[in-house]
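The values are calculated or read from the model by the stated rules, or taken from the named source; none is laboratory data. As the structure is a prediction and not an experimental result, all values here were calculated from the model. Please note: Cβ atoms are built from the backbone with ideal geometry, for glycine as well, and neighbour counts cover all protein chains shown. Heavy atoms of the whole protein, side chains included, go into the accessibility calculation; ligands, DNA and RNA do not. Shrake-Rupley method; radii C 1.70, N 1.55, O 1.52, S 1.80 Å.
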Amino acid sequence: MSPSRWLRKNAEHYLMVAAQDRVARRYGVTRPRRPTGLEELFWLRLFAPLYARLPWSVRSRALRLMPGSHRKQWTSWTDPPRRRDPAV
């Protein structure tokens, strides 16, 4: 697994766990289990809170710069349509 894929996989997982914990605290329901080990502590106590505080422009730029994060961007309605040959 490439380093960028590993980073994305872990970031997505632990950001989801942090969001579940936030929602559970807000509504007084059962929270996810407490983090154990240095890896979980890093992701849940350091990475997730710092990521949440970053402005969207910084997060978006970082995602676009990561290899493998090439998403097709929406085109503007003002862009002229692409010319297509007839399907024959």
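Computed from label points 7 Å out along Cα-Cβ, the spacing between Met66 and Leu54 is 0.8 nm.
Residues in segment 42-47 carry Karplus couplings, in order, of 4, 5, 8, 9, 10, 5 Hz; the curve used is 6.51 cos²θ - 1.76 cosθ + 1.60 with θ = phi - 60°, and Gly or Pro positions show x. Spin-label pair Leu15-Asp85: with each label point 7 Å from Cα along the Cα-Cβ axis, the two points sit 4.2 nm from one another. Once all protein chains are placed together, Arg8 keeps about 100 Å² accessible to a 1.4 angstrom probe.
Ranking Met16, Met66 from most to least accessible surface, computed with a 1.4 Å probe over the protein chains only, gives Met16, Met66. The share of alpha-carbon pairs in segment 1-52 lying farther apart than 19 Å comes to 28%.
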